[in-house]
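The values are calculated or read from the model by the stated rules, or taken from the named source; none is laboratory data. Here the structure is a predicted model, which is why all the values come from computation and not from measurement. All Cβ positions, glycine included, derive from the backbone under ideal geometry; neighbour counts span all protein chains shown. With ligands, DNA and RNA removed, areas are computed over all heavy atoms of the protein, side chains included. Shrake-Rupley method; radii C 1.70, N 1.55, O 1.52, S 1.80 Å.
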Amino acid sequence: MRKCITKVFMALVLASFFASQSMAAQTAPQAGKPVQDAPAQTTERTTLINVQVDGTDSIGARLSTRLKERFNTSSLFRLNSEEDKDKPELRLLLNTAPEFPSRPSVGSVYGVCWVFSQGKGYLGYLLAREVGTVNADDLDALVDKLVERTDGIAAKYANLWK
């Protein structure tokens, strides 16, 4: 009985060894073919975005500029251009105003709406909205938060762009 168990155990060990060797051979890079060194940009998750701004305060202007810069440098978003006007897009509607009209550089109130649009001339579909206040010190943190939320909304409603 002991010899039988030993033979079965050895057979299992050998089978698992050969299985792991064949899997390693399949996943190892082949000689002569270069391995990609950097991640490739995919178009599967690239969202066409249109940032529309309404406001006259300086903090709101900086907020909109930094948002556009961040969307422009991100591989997840592409700012819409003239040739993209008839394509489905995510519109980010940003409205800003001074928090205190007598002291415009202290802070700003903002309202953001994320709207899906099928194309030019189509009625937009409200996906999300947010309101809040921001000062000059917290501007970068707010930009990060808005870009992250925009990516979450784009992922959540990805079926609209298909």
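Overview of values
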{"item": "Yes/no for residue 103 being open to solvent by 80 Å² or more (accessible area, probe 1.4 Å), outside any loop (DSSP other than H, G, I, E, B) and either within 25 Å of residue 59 (Cβ to Cβ) or basic (Lys, Arg) (or both)", "result": "no"}
{"item": "Residue 160 vs. criteria of a type in the set (A, V, I, L, M, F, W, C) and farther than 24 Å from residue 56 by Cβ", "result": "yes"}
{"item": "Any hit, the range 117-128, residues being at pLDDT 90 or above, surrounded by fewer than 16 Cβ atoms within 10 Å (Cβ to Cβ), under 17 Å from residue 157 (Cβ atoms) and in contact with a Gly (Cβ under 8 Å, 6 or more places away or on another chain)", "result": "no"}
{"item": "Residue that is modelled with pLDDT under 80, open to solvent by 50 Å² or more (accessible area, probe 1.4 Å) and either within 22 Å of the chain's Cα centre (by Cα) or within 22 Å of residue 153 (Cβ to Cβ) (or both), where the choices are 27, 73, 65, 43", "result": "43"}
{"item": "Residues being among the charged types (D, E, K, R), in contact with a strand residue (DSSP E or B) (Cβ under 9 Å, 6 or more places away or on another chain) and either assigned to a helix (DSSP H, G or I) or open to solvent by less than 70 Å² (accessible area, probe 1.4 Å) (or both) - total across the range 76-85", "result": "1"}
